[in-house]
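The values are calculated or read from the model by the stated rules, or taken from the named source; none is laboratory data. Since we're looking at a predicted model, the values are computed, not measured. Glycine also receives a Cβ, built like all others from the backbone with ideal geometry; neighbour counts cover every protein chain displayed.
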Amino acid sequence: MRFRFISDQSVTAEGWYIDDISVPLIVGIEENNSDKAIRKLTVLPNPFKDRTLIQWINGGNIKVYDASGRLVRKFNNYKTSSGINQVIWNGTDDNGKRLPGGVYFVKLTEAETTIIEKSVMLE
């Protein structure tokens, strides 16, 4: 919210008045800084050149999307269970073709939880 005060001194000698301002509701987006959410999915190193380690806690599916939102790789065939799971992504799509350098998004989906981490692949 922004207030802008401009004097109309050329019309009214007193300039301007402020009277009865009320802001009944504050709306915002709360950041999720809980340790649980932060440690649930990690992508290291980031940025990466040849390969990166995707590590997640508990079960779930891992999918990699390019910057346009297109699904390029999925790791659904990996057995996930309680505990730490990991897979090394070598920057290829599901057909084994090397993808170009750029921004990719690693998405973990588990039950009703979705966590997305940005990853940058260098050329």
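The table below gives the values:
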quantity: Residue list for the range 21-66, filter: at pLDDT 85 or above, within 12 Å of T109 (Cα to Cα) and of a type in the set (V, I, T); calculated: I62, V64
quantity: Subset of the range 51-76 that is surrounded by 14 or more Cβ atoms within 10 Å (Cβ to Cβ) and free of Cβ contacts under 8 Å to residues at least 40 places away in the same chain - its residue that is farthest from N90 (Cα to Cα); calculated: I57
quantity: Yes/no for G96 being surrounded by fewer than 17 Cβ atoms within 10 Å (Cβ to Cβ) and over 21 Å from the mean Cα position of the chain (by Cα); calculated: yes
quantity: First in the range 98-110 and over 14 Å from T52 (Cβ atoms) and in contact (Cβ under 8 Å) with a residue 24 or more places away in the chain, second anywhere and of a type in the set (G, A, S) and in a loop (DSSP other than H, G, I, E, B), Cβ under 9 Å, 6 or more apart; calculated: L108/G60; T109/G60; E110/G59; E110/G60
